Amino acid sequence: MNPAELVEVVTAQVVVSGRVQGVCYRAFTQEAAIELGLGGWVRNLPEGGVHAEIEGPRKKIEKLLDRLRVGPPRAVVTDLKITWKAATGGPPRFSIVD
């Protein structure tokens, strides 16, 4: 079997809680996702959290999730809720949306 066929491409819906607005969390997420070659988007939630949809190889998404659990220097992450689903063919580049 070709190694490329072993890569599981999935989508992760992530809701991050804590002090994650006003601390460059979305920019941190975008930079890390682009560095890992992942697609998707990130946005602030009205109640103060951050919501992201990330698509790509599961192992790379898991690396991003490890970074998101810590966040940028001024962030305080208290929880990450992750929902895994089948890849949706979302945006190939990772962006910040409103």
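The values are calculated or read from the model by the stated rules, or taken from the named source; none is laboratory data. Everything quoted here is computed from the prediction, not taken from an experiment. Cβ placement follows ideal geometry from the backbone for every residue including glycine, while neighbour counts extend to all protein chains displayed. Accessible surface areas use protein heavy atoms only, side chains included; no ligands, DNA or RNA. Shrake-Rupley method; radii C 1.70, N 1.55, O 1.52, S 1.80 Å.
For segment 77-95, filtered to residues that are part of a strand (DSSP E or B), open to solvent by less than 70 Å² (accessible area, probe 1.4 Å) and among the aliphatic types (A, V, I, L, M), the residue that is farthest from Gly37 (Cα to Cα) is Val77. With respect to Ile82, determine if the residue is closer than 11 Å to Ala12 by Cβ and modelled with pLDDT of 95 or more. Considered against the rule, which asks whether it is closer than 11 Å to Ala12 by Cβ and modelled with pLDDT of 95 or more, Ile82 comes out as yes. For segment 44-73, a residue qualifies if it is out of contact with any Leu (no Cβ under 7 Å at 6 or more places or on another chain), farther than 19 Å from Gly89 by Cα and not small (Gly, Ala, Ser), and the qualifying residues are Asn44, Leu45, Pro46, Glu47, Val50, Asp66, Arg67, Val70, Pro72, Pro73. Scanning segment 43-58 for residues that are open to solvent by less than 40 Å² (accessible area, probe 1.4 Å) and either under 13 Å from Ile82 (Cα atoms) or hydroxyl-bearing (Ser, Thr, Tyr) (or both) returns Val50, His51, Ala52, Glu53, Ile54, Glu55. Looking at Ile61, is it open to solvent by 50 Å² or more (accessible area, probe 1.4 Å), more than 17 Å from Asp79 (Cβ to Cβ), part of a helix (DSSP H, G or I) and of a type in the set (Val, Ile, Thr)? The answer is no for Ile61.
Out of all the residues in segment 23-35, is one or more assigned to a loop (DSSP other than H, G, I, E, B), more than 22 Å from Pro91 (Cα to Cα) and in contact with a strand residue (DSSP E or B) (Cβ under 9 Å, 6 or more places away or on another chain)? The answer is yes, given that some residue of segment 23-35 is assigned to a loop (DSSP other than H, G, I, E, B), more than 22 Å from Pro91 (Cα to Cα) and in contact with a strand residue (DSSP E or B) (Cβ under 9 Å, 6 or more places away or on another chain).
Among the conditions (1) open to solvent by less than 80 Å² (accessible area, probe 1.4 Å); (2) farther than 20 Å from Ser95 by Cβ; (3) without any contact (Cβ under 8 Å) to a residue 40 or more places away in the chain; (4) among the β-branched types (Val, Ile, Thr), the only one that Val7 does not satisfy is (3).
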